[in-house]
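> Can you keep this structure in mind? I'll have questions shortly.
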Amino acid sequence: ALAQEALKIGLILPMTGPFASTGRQIEAAVKLYMQQNGDTVAGKKIQLIVKDDTGVADVTKRLAQELIVNDKIAVMAGFGLTPLALAPAPLATQAKVPEVVMAAATSTITEASPFIVRTSFTLPQATVPMAEWASKEGLKKVVTLVSDYGPGIDAEKAFTGAFTSKGGTVENLRVPLANPDFSPFLQKVADAKPDALFVFVPSGVGAQFMKQFVERGLDKAGIKLIGPGDVTDDDILNGMGDVALGAITTQHYSASHDSPENKAFVEAFKKANGGMRPNFMAVGGYDGMHLIYEGLKKTNGAGGQALIDAMKGLSWTSPRGPVSIDPQTRDIVQNIYVRKVERKDGELYNVEFATIPNVKDPVKAAK
Ligand code: DHB
């Protein structure tokens, strides 16, 4: 008999450039999953092909095209930013190759192709609980400061809509995504004197933001820092220092999440990666691999339409808690946790103190 052809997974990530931390986290998590679960599924050998798109959407698209045509991949995965997830969507549809989005988080992404499925989150999903918490805490006036592209605009709209519907007032500021200088915006925040500053910056950028927050003296001005959890990303949180203490964020993953699954995940991840702490990008990659493996088991190794159909409705216990793939939207349904930055065992963590269970993307739920 002929040797069985390997089943190829193309993992396209920003491995260099300003968003390399996302690529590094996801690649490490995908490799950990394969190391723990073996590289044979449904009798087929899994071959991982990692490609660096450098964070440029035209490169993502070209790499996806080459992987589909030359390597005949069964699945493409990764996608560190919204424009990078959108670029190959027409190719996923044309070639009927499932596209597993492990990072990018603008709500509309899953609507760009019926072959897209997502294991990260959406900004509205993480943000509406923040607005509800802020309102319950009695905050009245909030300034939002977001990176000016898909996920930032999603976060701004979700927060503003939910917070003003409860009687709060909001002022919106947007900062460029590329090489952001936060200082002129932070001066506006200082002048506006809100109860809280709501911030969204993509994973990895939080450290730069925090530095300028301190330089402008905003940590001493009594302005509370709130937002979805990207700004206090576990990968960089401990390096931020005491300025981050007390920040309240809402998100689906904390490295300090208290469960046996997460303790095992964090320990194995650190051990395999020189002590690096996994962040929410890592858990998106780990769960994305789980989804691919479980889908392939159900199809007995078949790809295409059968594989995307098999992924719909799957549920499992992730390091982040219980999750499932919404069969209608192909987005992930998950708990959102309210967390506060605290020092624990000498390190800074997002310590979870409340849970909103089984949250769906609220934008699609309203359609
Ligand atoms: C996106 C990127 C991020 O790094 C993040 O934390 C959230 C969203 C995005 O581009 O979709």
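> Is there any pair linking a residue in region 54-82 that is farther than 14 Å from Met15 by Cβ and part of a helix (DSSP H, G or I) to one that is within 16 Å of the ligand (Cβ to nearest atom) and among the hydroxyl-bearing types (Ser, Thr, Tyr), with Cβ under 6 Å and at least six apart or on different chains, and which?
Short answer, once both residue conditions are applied: Thr82/Thr106.
> I'm told Lys45 meets every condition in (1) within 16 Å of the ligand (Cβ to nearest atom); (2) in contact (Cβ under 8 Å) with a residue 40 or more places away in the chain; (3) not in a helix (DSSP H, G or I) except one. Can you identify the failing condition by its number?
Checking Lys45 against (1) within 16 Å of the ligand (Cβ to nearest atom); (2) in contact (Cβ under 8 Å) with a residue 40 or more places away in the chain; (3) not in a helix (DSSP H, G or I), the one that fails is (1).
> Looking at (1) within 24 Å of Arg24 (Cα to Cα); (2) modelled with pLDDT of 95 or more; (3) of a type in the set (A, V, I, L, M, F, W, C), which is the only condition Met210 fails?
(2)
> If you scan region 76-118, which residues turn out to be of a type in the set (A, V, I, L, M), more than 10 Å from the ligand (Cβ to nearest atom) and either touching a Phe, Trp or Tyr at 6+ places or on another chain (Cβ under 7 Å) or open to solvent by 10 Å² or more (accessible area, probe 1.4 Å) (or both)?
Ala87, Leu91, Ala92, Ala95, Val97, Met102, Ala112
> To continue, here is another question. So how many residues does region 307-328 have that are among the β-branched types (Val, Ile, Thr) and either outside the structural domain of Phe280 (by TED's automatic domain parsing) or closer than 20 Å to Pro260 by Cβ (or both)?
The number of residues fulfilling the criteria is 2.
> Which of the residues belonging to region 325-342 are out of contact with any Phe, Trp or Tyr (no Cβ under 8 Å at 6 or more places or on another chain) and either open to solvent by 30 Å² or more (accessible area, probe 1.4 Å) or not in a strand (DSSP E or B) (or both)?
Answer for region 325-342, where residues must be out of contact with any Phe, Trp or Tyr (no Cβ under 8 Å at 6 or more places or on another chain) and either open to solvent by 30 Å² or more (accessible area, probe 1.4 Å) or not in a strand (DSSP E or B) (or both): Asp326, Pro327, Gln328, Thr329, Arg330, Asp331.
> Next question. Outside the structural domain of Ile109 (by TED's automatic domain parsing), open to solvent by less than 60 Å² (accessible area, probe 1.4 Å) and modelled with pLDDT of 95 or more: which single residue out of Thr169, Thr144, Thr164 fits that description?
Numbers: Thr169 fails: open to solvent by less than 60 Å² (accessible area, probe 1.4 Å); Thr164 fails: open to solvent by less than 60 Å² (accessible area, probe 1.4 Å).
The match here is Thr144.
> Can you work out which of the residues in region 194-239 that are charged (D, E, K, R) and within 16 Å of the ligand (Cβ to nearest atom) is most open to solvent (accessible area, probe 1.4 Å)?
Ranking the qualifying residues of region 194-239, first place goes to Asp235.
> Tell me yes or no: at least one residue of region 282-289 is assigned to a loop (DSSP other than H, G, I, E, B), of a type in the set (D, E, K, R) and within 23 Å of Ser107 (Cα to Cα).
No, the conditions are met nowhere in region 282-289.
> Taking the condition of being open to solvent by 10 Å² or more (accessible area, probe 1.4 Å) and closer than 12 Å to Thr119 by Cβ, how many residues in region 281-322 meet it?
6
> Pairs please, first residue from region 294-308 and part of a helix (DSSP H, G or I), second anywhere and charged (D, E, K, R), Cβ atoms under 7 Å, 6+ apart in sequence or on different chains.
Matching pairs, first to second residue: Gly304/Lys96; Gln305/Lys96.
> Please verify whether region 130-147 includes one or more residues that are hydroxyl-bearing (Ser, Thr, Tyr), within 16 Å of the ligand (Cβ to nearest atom) and outside any helix (DSSP H, G or I). Steps first, please.
Narrowing region 130-147 to residues hydroxyl-bearing (Ser, Thr, Tyr): 135, 144, 147.
Checking the rest, the ones that are also within 16 Å of the ligand (Cβ to nearest atom) come to 144, 147.
Within this subset, residues satisfying the condition of being outside any helix (DSSP H, G or I) are 144, 147.
Scanning region 130-147 turns up at least one residue that is hydroxyl-bearing (Ser, Thr, Tyr), within 16 Å of the ligand (Cβ to nearest atom) and outside any helix (DSSP H, G or I).
> Condition first: over 24 Å from Glu132 (Cβ atoms), in contact (Cβ under 8 Å) with a residue 24 or more places away in the chain and surrounded by 20 or more Cβ atoms within 10 Å (Cβ to Cβ). Can you find one or more residues in region 246-257 that meet it?
First pass over region 246-257, keeping only residues over 24 Å from Glu132 (Cβ atoms): 255.
Adding the requirement that they be in contact (Cβ under 8 Å) with a residue 24 or more places away in the chain leaves 255.
Next, from what is left, pick out any that are surrounded by 20 or more Cβ atoms within 10 Å (Cβ to Cβ): 255.
Yes, there is a match, as at least one residue in region 246-257 is over 24 Å from Glu132 (Cβ atoms), in contact (Cβ under 8 Å) with a residue 24 or more places away in the chain and surrounded by 20 or more Cβ atoms within 10 Å (Cβ to Cβ).
> Within region 15-24, how many residues turn out to be within 10 Å of the ligand (Cβ to nearest atom) and among the polar types (S, T, N, Q)?
Adding up the residues that qualify gives 2.
> With respect to the numbered conditions (1) under 22 Å from the mean Cα position of the chain (by Cα); (2) more than 16 Å from the ligand (Cβ to nearest atom), which one is the sole condition not fulfilled by Asp242?
Result: Asp242 fails condition (1) only.
> Identify all residues within region 343-362 that are within 19 Å of the chain's Cα centre (by Cα) and surrounded by fewer than 21 Cβ atoms within 10 Å (Cβ to Cβ); write none if there are none.
Val351, Glu352, Thr355, Ile356, Pro357, Asn358, Lys360, Pro362
> Test Pro176 against the criterion of being within 16 Å of the ligand (Cβ to nearest atom), more than 24 Å from Ala366 (Cα to Cα) and either out of contact with any Ser or Thr (no Cβ under 7 Å at 6 or more places or on another chain) or touching a residue at least 40 places away in the same chain (Cβ under 8 Å) (or both), and give yes or no.
Working: within 16 Å of the ligand (Cβ to nearest atom): yes; more than 24 Å from Ala366 (Cα to Cα): yes; either out of contact with any Ser or Thr (no Cβ under 7 Å at 6 or more places or on another chain) or touching a residue at least 40 places away in the same chain (Cβ under 8 Å) (or both): yes.
Against the criterion (within 16 Å of the ligand (Cβ to nearest atom), more than 24 Å from Ala366 (Cα to Cα) and either out of contact with any Ser or Thr (no Cβ under 7 Å at 6 or more places or on another chain) or touching a residue at least 40 places away in the same chain (Cβ under 8 Å) (or both)), Pro176 qualifies.
The values are calculated or read from the model by the stated rules, or taken from the named source; none is laboratory data. Keep in mind the model is a prediction, meaning the values are calculated, not measured. Here the Cβ is made from the backbone with ideal geometry for all residues, glycine too, and neighbour counts use every protein chain on show. SASA here: full protein model, heavy atoms, side chains in, ligands and nucleic acids out. Shrake-Rupley method; radii C 1.70, N 1.55, O 1.52, S 1.80 Å.
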